[in-house]
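Asks: Sharing a structure with you now.
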Amino acid sequence: MNKTPNYTKNAVNKYNSKFDRIALNLPKGTKEEIRQLTGKSCNAFISSLVIGELERIKSKKREAEEKKIYNPKNQKPSSNLQELQKLLDQRKSDVIREKRINNGEFMTVAREEDEYYNKF
């Protein structure tokens, strides 16, 4: 009997490295039932189910993250346009302030803020 050449073994190993192997035990007859009902192989059917479910979970996580980004304090979103504009203006001024401080204008920013708050 001939030995399997190294290039064949390497090719098989390279192909197998592209996949995760998972062993799954199902009741006897399930494999044939999947083939008859879906027209797919057992592997194709299970793969499509798992990948579909993972996509659904990722989508839910993305939605939850977006809600956190737009509503960080878990408050109900404001429907009042003026309140939203105030929030945007405040965020914009915070970003400008941070940029000025990072550019070495800390004392100028501190003096301006001090003057502003001393008005009241």
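Asks: Give me the aspartates and glutamates in straight-line cross-link reach of Lys14: C-alpha distance below 14 Å, same-chain residues under 8 apart excluded.
Replies: The qualifying aspartates and glutamates are none; the list is empty.
Asks: Now for a separate question. Per DSSP H run of at least 4 residues, take -39500 (n - 2.57); add these up for the chain, divide by its residues and hand me the 222 nm value, nearest 500 deg cm²/dmol.
Replies: So the calculated ellipticity at 222 nm is -23500 deg cm²/dmol.
Asks: Same structure, new question: Does the chain classify as rounded, prolate or oblate by the C-alpha gyration tensor (a ≥ b ≥ c root eigenvalues; a/c under 1.5 gives rounded; else a/b over b/c gives prolate, otherwise oblate)?
Replies: oblate
Asks: Mind giving me the FRET efficiency for Ser41 and Asn13? R0 is 22 Å, r the Cβ-Cβ distance, nearest 0.05 is fine. It would help to have the intermediate numbers written out before the result.
Replies: Numbers: r = 23 Å, r/R0 = 1.05.
Once the sixth-power term is evaluated, E becomes 0.45.
Asks: Among the trypsin sites (Lys or Arg not before Pro) within the stretch 1-61, which fall in a DSSP loop and have no more than 15 other Cβ atoms within 10 Å of their own Cβ?
Replies: Passing both the DSSP loop test and the Cβ count: Lys3, Lys18, Arg21, Lys28, Lys40.
Asks: Compute the signed sum of charges (Lys and Arg +1, Asp and Glu -1) over the other residues within less than 12 Å, Cβ to Cβ, of Ala110.
Replies: -2
Asks: Between Gly52, Gly104, Gly29, where does the largest GNM mean-square fluctuation fall for the chain, given springs only between Cα atoms within less than 10 Å?
Replies: Greatest mean-square fluctuation among the candidates belongs to Gly104.
Asks: What chymotrypsin sites (Phe, Trp or Tyr not before Pro) in the stretch 1-51 are in a loop by DSSP, with at most 12 other Cβ atoms within 10 Å of the Cβ? Can you show the working numbers first?
Replies: On the way: sites: Tyr7, Tyr15, Phe19, Phe45; in loops: Phe19.
Answer in residue order: Phe19.
All of the numbers you see were taken from the coordinates with simple rules; none came from a lab. Everything numeric in this text was worked out from a predicted model, so none of it was measured. As a convention, Cβ positions derive from the backbone with ideal geometry for all residues, glycine included, and neighbour counts pool all protein chains shown.
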